[in-house]
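Heads up, the thing below is written out as structure tokens.
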Amino acid sequence: MENQAYRFGYVHGAFAGDGCLFTNETTNHGTIRCQDEVIVKTVHSYAPPEYGLKLKKKTTTDLFEVRTTKGAEVDEIRLSYPIDESSIDNPDYCRGWLAGMFDTDGSFDGQTVRFCQKKLEQREILKQALDMLGYDFAAEPEGIRVRGIGSRLQVLTEIRPQVHRKVRNYLDHSWRGTAKVHRVESLGEREVTSLATDPAQTYIVDGFCAHDVRQLTLC
């Protein structure tokens, strides 16, 4: 759900992944500069008004940019930038933060979801957010890797990153494999529900893709 907490988290995650906050004698501004226009547009639309962010068109380096309009807004971002306990305990904030971090500093090659972050402070926030949402992950020298096919599918589905080129392998890829049935338990007669989604006809259950049933015939 893209509520206020999710949007706030996305802005902070994007700044944590690829943003800069400058405050010195000659420079006083905050900026995100990247090759994906959708990131800066999303940050601009999600950020609260007090951040005073504005968009810039393509620069000479073929990058897109969103930045503060004046130095005062840097303090607004800096003051709200650290994650407090109320934020990290909010699942929607964590999903937004992970989406912003993934869009600016994450990767997916069709098999592995990885947050490519070396900064110790950001790595710790990554771990907290992933743990809060129940994702299985492993810390590596180059960043944090999400483990397990189910977790990979679940994290990409639930955090909803904006940069589609990064998740194209996820959208186009089909996972095939086998799973061992450990036991079968009889639960007796119960009411069941047939789900149908449109247009994907697929939904996520406990991290697994399930293809819905358009017409069910009981014999």
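The values are calculated or read from the model by the stated rules, or taken from the named source; none is laboratory data. Everything quoted here is computed from the prediction, not taken from an experiment. We place every Cβ from the backbone using ideal geometry, glycine too, and count neighbours over all the protein chains shown.
Scan Asp136, Asp92 and give me the residue that is surrounded by 16 or more Cβ atoms within 10 Å (Cβ to Cβ) and within 14 Å of the chain's Cα centre (by Cα). Walk me through it before giving the result.
Numbers: Asp136 fails: within 14 Å of the chain's Cα centre (by Cα).
None of the others qualify; the one that does is Asp92.
Here Ala16 meets the list (1) assigned to a helix (DSSP H, G or I); (2) surrounded by 12 or more Cβ atoms within 10 Å (Cβ to Cβ); (3) modelled with pLDDT under 70 almost entirely, failing just condition (3).
Checking each residue in region 97-130 for being crowded, with 20+ Cβ neighbours inside 10 Å, in a helix (DSSP H, G or I) and either out of contact with any Cys (no Cβ under 9 Å at 6 or more places or on another chain) or β-branched (Val, Ile, Thr) (or both) picks out Trp97, Leu98, Ala99, Gly100, Met101, Phe102, Thr104, Ile125, Leu126. Picking from residues in region 78-113 that are within 16 Å of Leu130 (Cα to Cα) and among the aliphatic types (A, V, I, L, M), the one that is modelled with the lowest pLDDT is Ile83.
Selection of region 30-44 for residues being crowded, with 16+ Cβ neighbours inside 10 Å and in contact (Cβ under 8 Å) with a residue 40 or more places away in the chain yields Gly30, Ile32, Cys34, Asp36, Ile39, Thr42, Val43. Could you count how many residues in region 28-65 are among the hydrophobic types (A, V, I, L, M, F, W, C) and modelled with pLDDT under 80? Looking only at that region, the number is 1.
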